[in-house]
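Structure, as structure tokens:
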Protein chains: 2
Amino acid sequence: LPRYRLTLAYDGAGFAGWQSQAPGQRTVQGTLEEALARLGGGEPVGVFGAGRTDTGVHALGQVASFDLPRAMGGPELQRALNGMLPADVRVLAAAVAPDGFHARKSARSKLYRYVLDTGPVRLPQRRASAGHVAWRLDEEAVSAAAALYVGRHDFAALASTGSSVKTTVRTVTRSEARFADTEGLPGQRTLVFEVEADGFLRKMVRSMVGGLVACGRGAVGPDTLRQVLRAGDRSAWPAPAEGCGLTLVRVDYPPGETD
Amino acid sequence: LPRYRLTLAYDGAGFAGWQSQAPGQRTVQGTLEEALARLGGGEPVGVFGAGRTDTGVHALGQVASFDLPRAMGGPELQRALNGMLPADVRVLAAAVAPDGFHARKSARSKLYRYVLDTGPVRLPQRRASAGHVAWRLDEEAVSAAAALYVGRHDFAALASTGSSVKTTVRTVTRSEARFADTEGLPGQRTLVFEVEADGFLRKMVRSMVGGLVACGRGAVGPDTLRQVLRAGDRSAWPAPAEGCGLTLVRVDYPPGETD
């Protein structure tokens, strides 16, 4: 069977995440598998996603891989899927992938972005696409906290409880916090946090943002946050930020795996 | 009774516009009047909006005026309303207004913005906040068309049929089309059209965008469009763009009317 690779964008607001945690929920994976089964003549098609995004989390460049019981060209597959999929998920690119390509296992790095509006008013237009806290944040403290994440660390303090992964060590190659005025809201500021790593634990980016917010509002200092990170103390780590501010922007693969 | 002025932001996706065209529809005006009636102890409060935005049209800086059967400070009024209003409409500012202030009649100019994604794929994240056409547009032709609107003209060709206004002459002080790459969609472009005038006819901005699109895809040349505009020929004007790409950004008042 030919193996395919898709690049996907979706609006996470209407999905219970990429992958179902409970039966009967609408998921991106399930929606895609349904369309692929129809395309493949009724046979079930199992789809792997590069990042298992949570409820409400968006994607601009999610990558999925699967075997289809039918040979099609990439552009033909893209058109056929976009003709069947609902408007809140779109195929941006489709191509035949090399044998052995696996959207998650072959991935070399992922880039996530978190958008957080800060200040008293939550802009209606962004209530499903940006997180929100009512405080103004100390921007230097937020940047100092973002810098703590860079490098190879054990991120056990940021791992969701109950997840079973072999290792909680990840290498973060980029962790940047930028602030700008919030359009339409004089005096309010928007934080854009971008983080790139070789992999992420469940709720890891949202927990990172929780750390930034805790530092930015003065609930904890960057030095204390560093100690909690180094100690792997999950119970002392600030609560994760809400899902709707998060977007999986891009997944990168080693050159040989991309075509 | 004290007169008040509000600045409002709303996500138009869940509203049948500012003002109801048919009974039983959810409107921004109706939602606001309901909250104000509760605040005013049950007495009905009539609200005037600066721009009567259509179904799906958004606002970052709509202005509303009304008399309230109760004296309150601006910040207190803002907090009280935001505590009662649904999340898709927010009060950004509230203040006591001078006697005789009327959100629509006192307005000197309004700024609207239209965001239009162009190209084969419609980004899920923006399907309720940007218009979309599948074509790539000729950017020079679009800019040439935008320039036609500047100045004092009879915009009868762009007026919605069945509207009864005293005059269809308006003065456009700014009409600018900018293009940028669409984030997440390689090869696609996003048009941002901003237009400022002393007033707008119903569906006028969306008809302006219809004209830009017709020129940009080569269906009509800028010279022909100019002739149709000058002739006031409503039947020859291109169809208006969809509402969801439009935002009322700002309303300006003469200095004496602002506080």
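The values are calculated or read from the model by the stated rules, or taken from the named source; none is laboratory data. Fair warning: this is a prediction, and the values are worked out from it, not measured in the lab. Note: ideal-geometry Cβ built from the backbone for every residue, glycine included; neighbour counts use all protein chains shown. Each accessible area value is taken on the protein alone, full model and side chains, heavy atoms only, with ligands, DNA and RNA left out. Shrake-Rupley method; radii C 1.70, N 1.55, O 1.52, S 1.80 Å.
Observations on the model:
- In region B:161-191, the residues whose accessible area drops by at least 40 square angstrom when the other protein chains are added to the isolated chain are B:GLU183; the probe is 1.4 Å and only protein heavy atoms count.
- Across every direction, the projection of the convex hull enclosing the Cα atoms of region A:50-104 has a mean area of 4.4 nm².
- Bridgeable lysines around B:LYS105 (alpha carbons under 17 Å apart, same-chain partners fewer than 8 residues away excluded): B:LYS166.
- Chain B, accessible surface, carbon-and-sulfur percent (1.4 angstrom probe): 49
- Sequence-distant aspartates and glutamates (8 or more away, or on other chains) whose Cα lies within less than 17 Å of A:LYS203: A:ASP54, A:ASP154, A:GLU194, A:ASP233, A:GLU242
- Using θ = phi - 60° in the Karplus curve 6.51 cos²θ - 1.76 cosθ + 1.60, the 3J(HN,Hα) couplings for region A:85-91 round to 6, x, 5, 8, 9, 10, 8 Hz; x is entered for Gly and Pro.
- Each Lys and Arg adds +1 at its Cβ and each Asp and Glu adds -1 at its Cβ; summed about the Cα centre, region A:160-209 shows a dipole of about 340 debye.
- For chain A: rounded, prolate or oblate by the Cα gyration tensor [a/c cutoff 1.5]: prolate
- Inter-copy label distances at A:ASP67 (7 Å, Cα→Cβ; nm, one decimal): 7.8
- When all alpha carbon pairs of region B:80-190 are counted in 5 Å bins from zero, the resulting P(r) reads 2, 8, 12, 14, 14, 15, 16, 12, 5, 2, 0 %.
- Restricting the trypsin sites (Lys or Arg not before Pro) of region B:55-128 to loop positions (DSSP other than H, G, I, E, B) with no more than 15 neighbouring Cβ atoms within 10 Å leaves B:ARG70, B:LYS105, B:ARG108.
- In nanometres and ascending order, the distances from the B:ARG178 label point to those of the other copies are 1.5 (point 7 Å from Cα along Cα→Cβ).
- In sequence order, calculated HN-Hα J values of region A:169-174 (Karplus, 6.51, -1.76, 1.60; Hz; x Gly/Pro): 8, 9, 10, 9, 9, 7
- Across B:GLY41, B:GLY218, B:GLY245, mean-square fluctuation computed from a Gaussian network of chain B (C-alpha pairs under 10 Å connected) peaks at B:GLY41.
- Sequence-distant residues sharing a close amide H with A:THR55 (under 5 Å, placed H): A:GLY17
- Overall Cα dimensions of region B:126-259 - principal axes, largest extent first, Å: 47, 40, 25
- Principal semi-axes in Å for region B:35-129 [√(5λ), Cα gyration tensor, largest first]: 31, 17, 11
- The protein assembly as shown: mean projected area of Cα convex hull, nm²: 27.6
- Close amide H contacts of A:ARG202 (hydrogens built in the peptide plane, cut-off under 5 Å, sequence separation of 5 or more or a different chain): A:SER160.
- Spin-label model distance (nm) - A:ALA236 vs A:THR171, 7 Å beyond Cα toward Cβ: 2.8
- Seen against the Cα atoms of chain B and their longest principal axis, helix B:74-84 is set at about 80 degrees.
- Dipole axis of chain B (+1 Lys, Arg; -1 Asp, Glu on Cβ), positive-most option in B:LEU248, B:PHE155, B:MET208: B:PHE155
- Interface residues in region A:119-137 - accessible area drops by 50 Å² or more relative to the isolated chain, probe 1.4 Å: A:VAL121, A:PRO124, A:GLN125, A:ARG127
- When only the Cβ of Lys, Arg, Asp and Glu is charged (+1, +1, -1, -1), the dipole of region B:198-259 relative to its Cα centre reaches about 380 debye.
- In Hz, Karplus ³J(HN,Hα) per residue of region A:106-116 (6.51, -1.76, 1.60; θ = phi - 60°; x = Gly, Pro): 7, 5, 9, 7, 10, 10, 10, 10, 10, 10, 10
- Candidates A:SER109, A:MET72, A:PRO120 compared by Cα position along the dipole of region A:55-183: farthest toward the positive end lies A:MET72, with charges placed on Cβ.
- If only the Cβ of Lys and Arg carry +1 and only the Cβ of Asp and Glu carry -1, the dipole of the protein assembly as shown around its Cα centre is close to 360 debye.
- Contact order relative to length of region B:40-131, as percent, for alpha carbon pairs under 8 angstrom and 6 or more apart: 28
- At least 20 Å² accessible surface lost relative to isolated chain, residues of region B:38-60 (1.4 Å probe): B:LEU60
- Based on Cα contacts under 8 Å between residues 6+ apart, region B:110-185 shows a relative contact order of 28 percent.
- Cα centroid separation - region B:1-40 against region A:166-207, whole Å: 36
- Per residue, the solvent-accessible area of the protein assembly as shown (1.4 Å probe, heavy atoms of protein chains only, all protein chains present) comes to 43 Å².
- Simple rule: put +1 on each Lys or Arg Cβ and -1 on each Asp or Glu Cβ in region A:139-224, find the dipole, and look at A:ALA197, A:THR182, A:ALA219; the Cα lying farthest toward the positive end is A:ALA197.
- Relative contact order [Cα under 8 Å, 6+ residues apart], chain B, whole percent: 24
- Total accessible surface hidden between A and B, rounded to 100 Å², 1.4 Å probe: 1700
- Gyration tensor (alpha-carbon) shape descriptor, region A:18-79, a/c threshold 1.5: oblate
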